[in-house]
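Participant: So that we are looking at the same thing, I have put the structure below in structure tokens.
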Amino acid sequence: MRQRIVVGVSGSPGSLAALHRATAEARERDADLCAVLAWQLPGGGLGSRATYGTAALREYREAAVEHLRTLLDGAFAVRGPGVALSGFAVRGEPGAVLVEAAESADGLLVVGAGTRGRWLRALRPSVARYCLEHAACPVLAVPPNPLEAELAAVLGDDWPLPPGP
């Protein structure tokens, strides 16, 4: 069985850096690449069928799938990834979704460890930290691009903006 590399994508600069690093790792290891976008209903995990209805749930899921497709098309627009690539949009908390997707101990989980402002740290736990603490396989936390740090210094707590749907 081929090794599988799972990468979390959201559209943030850190996740795009992680996607490109995971692609390089997959090429080097001759592994399959699995891009995973975790999505949630507005209000986080509080939504249910009773609250939103099945039609709304389907629309949110389709929006997440389209967001993932757009991210992957944009990331590999000039040339394809050069490895077998699959993408999944999964409803749930990002850290838990990624850990479950990378449950195979022989794989690799790649996540962005981007710059987080004070407000974002207070509102959302670090996905990278969750994955490092809970994954059964090795985790590669990709540090932020130096340009991202410069943007964060200029924009302050407004950077990074929350990703997609």
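Participant: Does Val99 satisfy the criteria of being in a strand (DSSP E or B) and either open to solvent by less than 80 Å² (accessible area, probe 1.4 Å) or of a type in the set (Gly, Ala, Ser) (or both)? Explain how you work it out, then say what you get.
Facilitator: Working: in a strand (DSSP E or B): no; either open to solvent by less than 80 Å² (accessible area, probe 1.4 Å) or of a type in the set (Gly, Ala, Ser) (or both): yes.
It is false that Val99 is in a strand (DSSP E or B) and either open to solvent by less than 80 Å² (accessible area, probe 1.4 Å) or of a type in the set (Gly, Ala, Ser) (or both).
Participant: Could you tell me whether Ala89 is at pLDDT 90 or above and either open to solvent by less than 90 Å² (accessible area, probe 1.4 Å) or under 17 Å from the mean Cα position of the chain (by Cα) (or both)? Break it down stepwise before answering.
Facilitator: Values: at pLDDT 90 or above: yes; either open to solvent by less than 90 Å² (accessible area, probe 1.4 Å) or under 17 Å from the mean Cα position of the chain (by Cα) (or both): yes.
Yes: the conditions hold for Ala89.
Participant: Given the condition out of contact with any helix residue (DSSP H, G or I) (no Cβ under 9 Å at 6 or more places or on another chain) and either at pLDDT 70 or above or assigned to a helix (DSSP H, G or I) (or both), answer yes or no: does some residue in the range 108-117 qualify?
Facilitator: No, the range 108-117 contains no residue that is out of contact with any helix residue (DSSP H, G or I) (no Cβ under 9 Å at 6 or more places or on another chain) and either at pLDDT 70 or above or assigned to a helix (DSSP H, G or I) (or both).
Participant: State the number of residues belonging to the range 52-64 that are touching a residue at least 24 places away in the same chain (Cβ under 8 Å) and surrounded by 15 or more Cβ atoms within 10 Å (Cβ to Cβ). Show your work before the answer.
Facilitator: Let us first name the residues in the range 52-64 that are touching a residue at least 24 places away in the same chain (Cβ under 8 Å), namely 60-61, 63-64.
Applying the additional criterion that residues be surrounded by 15 or more Cβ atoms within 10 Å (Cβ to Cβ) yields 60-61, 64.
Looking only at that region, the number is 3.
Participant: Here's something else I'd like to know. Looking for something hydroxyl-bearing (Ser, Thr, Tyr), at pLDDT below 90, open to solvent by 40 Å² or more (accessible area, probe 1.4 Å) and not in a helix (DSSP H, G or I) - is there at least one such residue anywhere in the range 30-51? Break it down into steps so the answer makes sense when it comes.
Facilitator: Restricting attention to the range 30-51, the residues satisfying the condition of being hydroxyl-bearing (Ser, Thr, Tyr) are 48, 51.
Subset that is at pLDDT below 90: 48, 51.
Okay, now just the ones that are also open to solvent by 40 Å² or more (accessible area, probe 1.4 Å), so 48, 51.
Next cut, not in a helix (DSSP H, G or I) only: 48.
Yes, some residue in the range 30-51 is hydroxyl-bearing (Ser, Thr, Tyr), at pLDDT below 90, open to solvent by 40 Å² or more (accessible area, probe 1.4 Å) and not in a helix (DSSP H, G or I).
The values are calculated or read from the model by the stated rules, or taken from the named source; none is laboratory data. This one's a predicted model, so the numbers in the text were calculated from it and none came from an experiment. Neighbour counts are summed over all protein chains in view; Cβ atoms, including those assigned to glycine, are modelled from backbone coordinates with ideal geometry. Heavy atoms of the whole protein, side chains included, go into the accessibility calculation; ligands, DNA and RNA do not. Shrake-Rupley method; radii C 1.70, N 1.55, O 1.52, S 1.80 Å.
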